[in-house]
Amino acid sequence: MNRQKELNEFVKDCLTQALFELMNVKPFDEISVTELVAKAGVSRATFYRNFGSKKSVIEKYLQTLIMELNKESQSADDWETFSVSLLNHFYDHKEVYLLLYRQHMANLIYEEIRWSMKINDDEDNVECYKKSTIAGLVFGAVDEWIRRGMKETPDEILAMELGV
């Protein structure tokens, strides 16, 4: 990776971490871009060069997480292996997902799952409905767990579901 690209990734990470830190102490809607860039140590121009809005900071971060999940689960050849990969992914990033729920932004998680399924208007209805069903199942599988604070480990969740 070239130096400029590394610097750009560093700036995006700084902005993302600064936003999450601010979201831990105040509501998302009360965080200004001015406050965010001051916390991240970058200029407003740098912020808008990389992101269109505060919400897009979170969306891009979630896209990165979902791409990681897609890579991790590509080798899953059955539902159980996929489930383990899915639960471990959410558990590994539980601070972010719990924060989004506290901020009443769970819809972003669902939208990013839909994005990862590549659901688009150009596909025929049957294909879209199939993908939407899977996206809903994936989101539904973790929604209640996150709502309840993710107190159980992935292994404990699987043991509950599978009766192991």
* Structure fact -> Taking the stretch 124-140 and the residues there that are under 25 Å from residue 89 (Cβ atoms) and of a type in the set (Val, Ile, Thr), the one that is nearest to the chain's Cα centre (by Cα) would be 138
* Structure fact -> Residue pairs qualifying under the 9 Å Cβ cut-off, at least six apart or on distinct chains, with the first in the stretch 131-151 being of a type in the set (Ser, Thr, Tyr) and the second being buried (at least 17 other Cβ atoms within 10 Å of the Cβ), are 132/114; 132/117; 132/119
* Any idea which of (1) closer than 27 Å to residue 147 by Cα; (2) at pLDDT 85 or above; (3) open to solvent by 20 Å² or more (accessible area, probe 1.4 Å) is the one residue 76 doesn't satisfy? -> (2)
* Restricting attention to the stretch 79-91, which residues are at pLDDT 85 or above and either open to solvent by 50 Å² or more (accessible area, probe 1.4 Å) or not in a helix (DSSP H, G or I) (or both)? -> 88, 91
* Within the stretch 44-60, is even one residue more than 10 Å from the chain's Cα centre (by Cα) and over 26 Å from residue 14 (Cβ atoms)? -> no
* Within the stretch 118-128, can one find any residue that is under 21 Å from residue 54 (Cβ atoms), in a loop (DSSP other than H, G, I, E, B) and open to solvent by less than 90 Å² (accessible area, probe 1.4 Å)? -> no
* **Residue pairs meeting the criteria (Cβ under 7 Å; at least 6 apart or on separate chains; first closer than 23 Å to residue 102 by Cα, in the stretch 28-42; second assigned to a loop (DSSP other than H, G, I, E, B))** => 28/103; 28/105; 37/43
* **Residue that is surrounded by the most Cβ atoms within 10 Å (Cβ to Cβ), among those in the stretch 2-60 that are among the small types (Gly, Ala, Ser) and part of a helix (DSSP H, G or I)** => 40
* To do: Examine the stretch 133-146 for a residue that is polar (S, T, N, Q) and closer than 19 Å to residue 62 by Cβ, and state whether such a residue exists.
  => no
* Kindly indicate the residue of the stretch 92-117 that is hydroxyl-bearing (Ser, Thr, Tyr) and closer than 15 Å to residue 66 by Cβ and also surrounded by the fewest Cβ atoms within 10 Å (Cβ to Cβ) among those meeting that condition. => 110
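The values are calculated or read from the model by the stated rules, or taken from the named source; none is laboratory data. Quick caveat, the model's predicted, so the values are computed rather than measured. Glycine also receives a Cβ, built like all others from the backbone with ideal geometry; neighbour counts cover every protein chain displayed. Each accessible area value is taken on the protein alone, full model and side chains, heavy atoms only, with ligands, DNA and RNA left out. Shrake-Rupley method; radii C 1.70, N 1.55, O 1.52, S 1.80 Å.
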